Amino acid sequence: MVKTSNFDYELPQHMIAQKPVEPRDASKLMVINTSSESIEHKIFKDIIQYLNPGDVLVLNNTRVIPARLFLRKRTGARVEIFLLERKGDFWNCLVKPGRKFLPGDEAFLDGKIVASCLERCSDGSRLVRFNVPDAEVIKYGKIPLPPYIKSKGDNFEKRYQTVYASEDGAVAAPTAGLHFTDCLLETIRDMGVRIVELTLHVGIGTFRPVKTEDLEKHRLHAEKYFIPEETISTIEVAKEKGRKIVAVGTTVVRALEAYASTGEKFGNTDIFIYPPYEFKIVDSLITNFHLPRSTLLMLVCAFAGYDLTMRAYRIAVEKNYRFYSFGDAMLILRG
């Protein structure tokens with residue numbers, strides 16, 4: 001049995017990044033080679049040293065929507081609604097405080113938007129119907145920064161999007177991509193590296209804690225993904241030529257591995273990757289430093305190896321790397 005407790009580690013609170021580094025590509029970069037088990041310390045823009053002509057860099061172009069809404073009931077009670085996912089004519093939402101928004105209740109925004117609670121789901125979320133189109137609803141929303149980011153700078157909402165974000169639908173950023181600048185991507189293209197995109201709309205379930213000790217009993221919330229035919233064909237040609245496929249983030253890994261496992265280029269995936277796992281497409285991974293006991297850390301351990309990953313995390317703490325969404329990055333090279 002693979003135990004959740006094996007993926008725990010101690011992290012001092014002051015190492016959780018509270019603001020982004022400027023410029024984006026000035027963050028630290030830990031480079032791990034799984035063959036030699038070596039660990040190097042670089043700056044993110046040095047990533048070009050580890051890319052070669054013909055390699056394929058795969059980006060997740062999802063865009064974080066303004067999912068946090070602040071409404072009031074007729075009584076004046078304040079209700080916060082967090083949009084999670086479109087469900088037909090309704091939205092699946094988290095509500096705070098939940099006791100103030102029960103089935104049959106209504107909440108209002110700007111005098112014209114009405115949110116009606118239709119159902120309380122088994123996980124505590126709500127099915128909510130709005131009386132106006134989605135574009136009108138999210139116009140009043142806020143980008144949902146992670147709760148561990150206590151300070152709120154003027155540019156934080158913009159910095160919580162990748163520079164290539166284009167497809168609305170995520171409620172959290174694919175944070176590995178936050179380190180790229182337009183200039184760095186142009187440099188990578190000029191090197192002869194192919195840059196392709198896919199979409200996986202990051203949901204809140206990815207970041208929810210694993211509550212079971214036996215990982216086989218944990219189920220991930222399904223997330224929507226779409227992989228263009230051009231991305232698939234580019235990857236296939238590169239693989240035939242022995243080039244490397246470099247995934248920018250765990251979300252890219254999950255989308256590609258979902259495709260490799262099912263042959264489906266789009267749909268919903270709840271693929272849960274943890275050790276041991278045989279990766280079918282990805283050769284290198286760019287990722288951030290993740291929460292203890294999280295499914296993201298488990299995926300990284302499957303990719304780099306458990307012992308090497310946990311050693312790298314201990315070194316990151318010793319060398320004052322910055323953790324989580326606005327934190328530093330890791331590049332894992334396999335083979």
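Taken together, the values in this text are just the output of simple stated rules run on the coordinates, not laboratory data. Computed from a predicted structure; not experimentally measured. Please note: Cβ atoms are built from the backbone with ideal geometry, for glycine as well, and neighbour counts cover all protein chains shown.
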Neighbour-count ranking for MET15, MET30 (other C-beta within 10 angstrom, fewest to most) reads MET15, MET30
One would report the antiparallel percent of DSSP beta bridges in the chain, rounded to the nearest 5, as 70 percent
Under a Gaussian network model of the chain whose springs join Cα atoms within less than 10 Å, the largest fluctuation of LEU178, LEU285, LEU51 belongs to LEU51
Kirkwood-based Rg/Rh on the Cα set of the range 21-84 evaluates to 1.29
Mean-square fluctuation maximum in Gaussian network of the chain, Cα pairs under 10 Å, restricted to LYS139, LYS42, LYS112, hits LYS112
Of PRO146, PRO276, PRO97, the most mobile residue in a GNM of the chain (C-alpha springs, cutoff 10 Å) is PRO97
Taking a straight Cα-to-Cα line shorter than 12 Å from LYS112, and setting aside same-chain aspartates and glutamates fewer than 8 residues away, one finds GLU136
Longest principal axis of the chain (C-alpha) makes with the long axis of helix 250-262 (C-alpha) an angle, in degrees to the nearest 10, of 80 degrees
Of every Cα-Cα pair in the range 68-138, the percentage lying beyond 17 Å is 30 percent
Taking Cα atoms, the helix 295-304 axis meets the longest principal axis of the chain at an angle in degrees (rounded to 10) of 10 degrees
Exposure-ranked with fewest Cβ neighbours within 10 Å first, GLU22, GLU85, GLU223 stand as GLU22, GLU85, GLU223
With a 26 Å threshold on alpha-carbon distance, the violating pairs from LYS87/LYS239; LYS96/LYS211; LYS87/LYS265 are LYS87/LYS239
Restricting to Cα pairs under 8 Å and 6 or more apart, the percent relative contact order of the chain works out to 26 percent
Checked against a 27 Å limit on the C-alpha separation, the offending pairs among LYS224/LYS280; LYS150/LYS217; LYS224/LYS319; LYS100/LYS150 are LYS150/LYS217; LYS224/LYS319
Check: C-alpha center the range 83-119 vs C-alpha center the range 162-204, spacing in Å is 31 Å
For MET191, MET298, ascending order of other Cβ atoms within 10 Å (fewest first) is MET191, MET298
Taking a crude spin-label model, label points 7 Å out from Cα along the C-beta direction, the GLU119 to TYR140 distance in nm is 2.5 nm
Longest principal axis of the chain (C-alpha) makes with the long axis of helix 306-318 (C-alpha) an angle, in degrees to the nearest 10, of 80 degrees
Cα convex hull volume per residue for the chain, in Å³, equals 142 Å³
